[in-house]
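Please read the structure below before turning to the comments.
No value in this document is a laboratory result; all are computed from the given coordinates. Since the model is a prediction, treat every value here as computed from it, not as a measurement. Here the Cβ positions follow ideal geometry from the backbone for every residue, glycine too, while neighbour counts run over all protein chains shown.
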Amino acid sequence: MNEPIHAPLILDIAGTAMTADERRRLRHPLVGGLILFARNFESRAQLTALCGEIKSLRPDLLIAVDHEGGRVQRFRSDGFTELPAMGRIGQLWMQDAMRGLQAASAAGYVLASELRACGVDFSFAPVLDLDHVDEQGASRSSVIGSRSFHADPRVVTVLAQSVMQGLALAGMGSCGKHFPGHGFVQADSHVDVPVDRRGLKAILAEDARPFEWLSLSLSAVMPAHVIYPKVDGRPAGFSARWLQDILRERLGFAGAVFSDDLGMRGARVLEGREIGFTEAALAALQAGCDLVLLCNQSPIDGGAALDQVLAQLELAAAEGRWQPSAESEARRQGLLPQQAPFSWDELMHDARYHLALQQLAL
């Protein structure tokens, strides 16, 4: 195909080294990056070599990972700091607000500087979901829970802003998730299709507030695979009303929009109908996503599903069923780090890094 003006697909690889098929896919002009998982990590040396090889294929590929702290942290050994859950930082804020801010900035700096020292460009953090609780005081959402800073959108916003400051100090952008809020629903969108029956006014007054207040400074946003039927019958990640009318127009967000993983159950049902990966990708792009994630498919049948999606996206562009976007591509390119990272050895001698580690001693 001719070189497109938009590389929207973020995919994965199966193991700690790339196969020939995976190298071929990463060279495809519709691929804009990849997401790493714990299965892709054996050691810092291996991870650094893997990221270097990826960049040698195409320097503009965005290498990303879900690395939030707490239970969502892909790399935990061989020197990587075990980061606290953001809920722990929220608890610290309640005891000592300034210590909470310090710890949040420190978490962002340690997170980003360690990843960048190994060649990773971007982490899908921070979580902006509110930690809604039930009548017994337990988190309503098992999939969010301690990943959230707090139940109060003001606390979430202030602490997330501090994490983002730490990320930026290490040259990494930020991704607020899961717009407009996943914390009120009990179902897990990995395995179910959650439904939040509140109205738009309530959602905008509570869960969407951190996205509104941080709209100028967030690099990216990831919508939830949650249906809010009083606003739209489609999950937020497939909804032009949520992504264009509300996120872009009403809240003024101008950064990149990632879909959440299109392999999740919450992304595979649209208006009551089962859909495949390509239809999900097209629906997300047409709704207003700049980039779409398709995770955990490379280990299955040699990644046949990824090849099928690439071929069908190519066909959709040729037939005019999907219009590649120069603006979306510019947003993707804007997520690439603009400053060189420390090497790991340099990081170990960085005074700011050691101060951040001290401030993370909760």
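Assorted remarks:
- Ordering of 168-176, 338-346 by packing is 168-176, 338-346, highest average first (other Cβ atoms within 10 Å, averaged per residue).
- The simple spin-label model puts a point 7 Å past each Cα toward its Cβ; for Ala38 and Gln286 those points are separated by 3.8 nm.
- Considering only alpha-carbon pairs that sit under 8 angstrom and 6 or more positions apart, the relative contact order computed for the chain is 19 percent.
- Note on the chain: with charges restricted to the Cβ of Lys and Arg (+1) and Asp and Glu (-1), its dipole about the Cα centre is near 380 debye.
- Rounded to the nearest 500, the helix-only mean residue ellipticity at 222 nm of the chain stands at -11000 deg cm²/dmol, with each DSSP H run of n ≥ 4 adding -39,500 (n - 2.57).
- In the chain, taking the dipole from charged Cβ atoms about the Cα centre, the farthest positive-side position among Trp213, His182, Val65 is held by Trp213.
- Here the residues Arg88, Arg23, ranked from fewest to most Cβ neighbours within 10 Å of their Cβ, fall in the order Arg23, Arg88.
- Distance-filtered residues of region 153-175 - backbone nitrogen under 12 Å, label point 7 angstrom along Asp350 Cα→Cβ: 166-172
- Ordered by the number of other Cβ atoms lying within 10 Å of each residue's own Cβ, fewest first, Ser148, Ser56 fall into the sequence Ser56, Ser148.
- Here r is the Cβ-Cβ distance between Ala240 and Lys55 and R0 is 35 Å; the resulting FRET efficiency, rounded to 0.05, is 0.55.
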